[in-house]
Amino acid sequence: MKKKITLLVPTKNEESNIRACILSAKNIVDEVYIVDSFSTDKTVELAQELGATVLWRKFDNYSDQKNWAIEQMPSDWILLLDADEQLTPELEQEIRRLIEEDKLNEHDAYWVYRKNFFFNREIKFSGYQKDKVIRLFKKDVSRYTNRVHECLQVKGTLGFLSAKLYHNTYRGFDFHIAKLSKYASLQAEDYNQKTGKITGYHFIIKPGLRFLKHYLLKQGFRDGVPGLILSSLNAYATFLRYVKLWMLRNNIDK
């Protein structure tokens, strides 16, 4: 019997991505939902034109947003995509075969590797060589943890899909910097309980080590200038996390 699958896409001002995201999966799902954080652009309108049901919820953090949405879904299986992700034709066909051959229930969730793009170039190194996410999963046994870089916890078995997921992280440099700042604010709340006194080590050494990890150990230099920029942004994200944590502890407005 064919298993019903719902496509779920969390959104906030994603008019440049939402059509391609939904269209990449629309032919293999039974329903499409977006959970929108009150977009001010045409995200909702474009999604509705493609038949999506819209749920609205004020954003608090990434895990709570997705977990709330998961609970609203009408089917046992969920294909959750971020708006900047798309199924490749190969991945669509692989999922279609699982459905048609009634093999979807062989596992409770599936890992998929991502093909990442930054500055319109595929990033093959820089720590993204084995980047994978769980995007296809059973509703009742799967919930997200962590406020930032949320991780899906699954009570059951995990399989692997062989085809890759397209992921374009770049929407303008200023947008990227703003996203890092948003992440850092959420991370500061998590790190407040497990970080001792903040010192120069946190502001200087840890960001420096993060850069060396991505640029040298993870071979970011092989990705050219985008690899250098990505490694630098990873270092900046670490620095910014502790700036936001220091601000939090000193009651300084963001």
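Below are the figures for this structure:
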| item | result |
| --- | --- |
| Whole-number accessible area per residue in Å² for the chain, which is evaluated in the context of all protein chains at 1.4 Å | 52 Å² |
| Under the Karplus curve 6.51 cos²θ - 1.76 cosθ + 1.60, θ = phi - 60°, whole-Hz ³J(HN,Hα) for the stretch 49-64, x wherever Gly or Pro sits | 4, 9, x, 6, 8, 10, 10, 10, 7, 5, 6, 10, 7, 5, 5, 4 |
| Percent RCO, i.e. relative contact order, over the chain, from Cα pairs under 8 Å lying at least 6 residues apart | 18 percent |
| Rounded to 10°, Cα long-axis angle of helix 173-191 versus longest principal axis of the chain | 80 degrees |
| In degrees, nearest ten, helix 89-100 long axis to first principal axis of the chain (Cα) | 50 degrees |
| Where labels lie 7 Å past Cα in the beta-carbon direction, separation of Val54 and Asn67 in nm | 2.7 nm |
| Gain upon complete extension [Glu100, Lys194; 0.36 nm per residue less C-alpha separation] | 29.1 nm |
| Percent carbon-and-sulfur accessible area, the stretch 157-254, ignoring ligands, DNA and RNA, probe 1.4 Å | 60 percent |
| Residues in the stretch 152-196 that a label on Ser37 would reach, taking backbone N under 16 Å of a point 7 Å out along Cα→Cβ | 171, 175-190 |
| HN-Hα J in Hz across the stretch 101-112 - Karplus 6.51, -1.76, 1.60, θ = phi - 60°, x for Gly and Pro | 8, 6, 10, 4, 7, 5, 9, 9, 6, 9, 6, 9 |
| Added length on full extension, which subtracts the Cα-Cα distance from 0.36 nm per residue, Ser232 to Phe173 | 19.9 nm |
| Under 19 Å from Lys218, Cα to Cα: lysines that are on another chain or at least 8 residues apart | Lys115, Lys124, Lys130, Lys132, Lys206 |
| Helical contribution to [θ] at 222 nm, DSSP H n ≥ 4, -39,500 (n - 2.57), averaged over the chain, rounded to 500 | -11000 deg cm²/dmol |
| Label-point separation, Phe119 to Arg222 (7 Å along Cα→Cβ), nm | 1.8 nm |
| Förster radius 30 Å - calculated FRET efficiency between Lys155 and Leu248, Cβ distance, rounded to 0.05 | 0.35 |
| Computed over the stretch 104-250: relative contact order in percent, which uses C-alpha pairs under 8 Å that are six or more apart | 29 percent |
| Stokes-Einstein D in µm²/s, Kirkwood radius over Cα pairs - the chain at 37 °C with 0.692 mPa s viscosity | 168 µm²/s |
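The values are calculated or read from the model by the stated rules, or taken from the named source; none is laboratory data. Bear in mind that the values here come from a model prediction, so they are computed numbers and not experimental data. Here the Cβ is made from the backbone with ideal geometry for all residues, glycine too, and neighbour counts use every protein chain on show. Protein only, heavy atoms only, side chains kept; ligands, DNA and RNA dropped before computing areas. Shrake-Rupley method; radii C 1.70, N 1.55, O 1.52, S 1.80 Å.
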